[in-house]
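Down below is the structure, laid out as C-alpha cells.
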Amino acid sequence: MRMSHFVVRDAILPTLTATTKEGVIREMVQNLHAAGQFANTDLEDIVKAVMRRELLGSTGIGRGIAIPHSRHAAVTQLVGTMALSKAGVPFESIDAEPVHVFVLLISPQDRPGDHLRALENVVQSMRDDSFVQALRGATTREQVWEMIDGSRPSW
Amino acid sequence: MPANGPLRTTVVVANPNGLHMRPATAFAQTARTYRAAVTVYNGDRRADGKSSLDLILLIAEPGAELVLEVDGEDAGTAIEPLAALLAAVEAQ
C-alpha cells in the first residue's frame, strides 16, 4: 500500500490557512467534501467526530506530524488527505511542537484492517526524516502527490 | 521474586478495531512505567512495547495472536497487566 492509495489527490492542501486544531481539521474535511468524497450534509458531523477523537488524546505523533482520524458512516472506503502548514499549528502533540504535516483519515465503520494498514503506512513513511523534510518543502498539490505516489511501496 | 530470562505469553487482540492508535498509546504508557524491556510480536513483525508508533507498525488486527515478551527485574509484576491491556476490549 502507498499513501497515494487512500490520499485523495484533489483534496491535498499544500498551503493551509487555518491556525488552530479545529480550523485545520475543518479545512481538510471541507477539501475532502469538495473533492466529492461525501455529501455536504455529512461535513459538520465528520468534523465533530474527528474533534471528539482528539479530545481522547492528541493524534500529534511528534516531529511536526499529526494523523487526525475517525470512523464515519458517510464513507464506504477509507479516504484521506494531506495538508501542510509552513508556520506550524499548535496541536497538543506528544512533544509539544507545532505540526507542519497533517494526514487526515476517515474510515468506514466496519473495516478496521484498512484503518490499521493506512495508519501503519503513514507512520512508516513519516519515520523517514528526509521524506518529511521534502514534503515540508513542497508548495504545490502536484509536488505533494509525486512524493506520496513515489513513496516506498508496501512492506 | 526476580525473573530469570524473559517471560512470554500469547495474547489475542479482542478489540474489535484492533490495536489502533489509542490502545497502542495506552499500552506504551503503561509499559514505560516498568523497568523491564517490553517487546510485542505479530508474526514476523516486532515492536518495542514502550513506543506507541512501533506498536502501530504491528498492524495487529482483531483476532491477531500476539506474543508479549517482558524481560527485566520487574517482568513478573509487569506481564499480567500488560497482557490484559493488549487483550482489552476498549470502551466505545
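Scanning segment B:50-71 for residues that are assigned to a loop (DSSP other than H, G, I, E, B) and either aliphatic (A, V, I, L, M) or in contact with a helix residue (DSSP H, G or I) (Cβ under 8 Å, 6 or more places away or on another chain) (or both) yields B:LYS50, B:SER51, B:LEU57, B:LEU58, B:ILE59, B:ALA60, B:GLU61, B:PRO62, B:ALA64.
Pairing residues of segment A:54-67 that are at the interface with chain B (Cβ under 8 Å from one of its Cβ atoms) with residues that are among the polar types (S, T, N, Q), at Cβ distances under 6 Å and at least 6 apart in sequence or on separate chains, gives A:ILE67/A:THR59.
Please go through segment B:72-92 and pick out each residue that is assigned to a helix (DSSP H, G or I) and farther than 22 Å from A:ASP114 by Cβ. Correct list: B:ALA75, B:GLY76, B:THR77, B:ALA78, B:ILE79, B:GLU80, B:PRO81, B:LEU82, B:ALA83, B:ALA84, B:LEU85, B:ALA87. Answer yes or no as to whether A:PHE102 is assigned to a strand (DSSP E or B) and within 30 Å of B:VAL89 (Cα to Cα). Judged against the criteria, A:PHE102 is a match.
Count of segment A:129-155 residues, restricted to those that are assigned to a loop (DSSP other than H, G, I, E, B) and modelled with pLDDT of 95 or more, is 4. For segment A:100-128, taking the residues that are over 18 Å from A:HIS72 (Cβ atoms) and free of Cβ contacts under 8 Å to residues at least 60 places away in the same chain, the one that is farthest from the other protein chains (Cβ to nearest Cβ) is identified as A:HIS100. Taking the listed residues A:THR41, A:THR81, A:THR20, the one that is touching a residue at least 40 places away in the same chain (Cβ under 8 Å) and out of contact with any strand residue (DSSP E or B) (no Cβ under 6 Å at 6 or more places or on another chain) is A:THR20, with no other qualifying. Comparison of A:ALA66, A:ALA87, A:ALA18, A:ALA49 shows that the only residue that is crowded, with 21+ Cβ neighbours inside 10 Å, at pLDDT 95 or above and touching a Ser or Thr at 6+ places or on another chain (Cβ under 9 Å) is A:ALA66.
I'd like to know if segment A:133-155 contains one or more residues that are within 13 Å of chain B (Cβ to nearest Cβ) and surrounded by 17 or more Cβ atoms within 10 Å (Cβ to Cβ). There is no residue in segment A:133-155 that is within 13 Å of chain B (Cβ to nearest Cβ) and surrounded by 17 or more Cβ atoms within 10 Å (Cβ to Cβ).
Before we move on, is A:LEU116 assigned to a helix (DSSP H, G or I) and surrounded by fewer than 23 Cβ atoms within 10 Å (Cβ to Cβ)? Please lay out each step first, then the result.
Details: assigned to a helix (DSSP H, G or I): yes; surrounded by fewer than 23 Cβ atoms within 10 Å (Cβ to Cβ): no.
Taking the combined requirement at face value, the residue does not satisfy it.
Restricting segment B:8-49 to residues that are surrounded by 20 or more Cβ atoms within 10 Å (Cβ to Cβ), assigned to a loop (DSSP other than H, G, I, E, B) and free of Cβ contacts under 8 Å to residues at least 40 places away in the same chain, the residue that is nearest to the other protein chains (Cβ to nearest Cβ) is B:HIS20.
The values are calculated or read from the model by the stated rules, or taken from the named source; none is laboratory data. Since we're looking at a predicted model, the values are computed, not measured. Backbone-built Cβ (ideal geometry, glycine too); neighbour counts: all protein chains shown.
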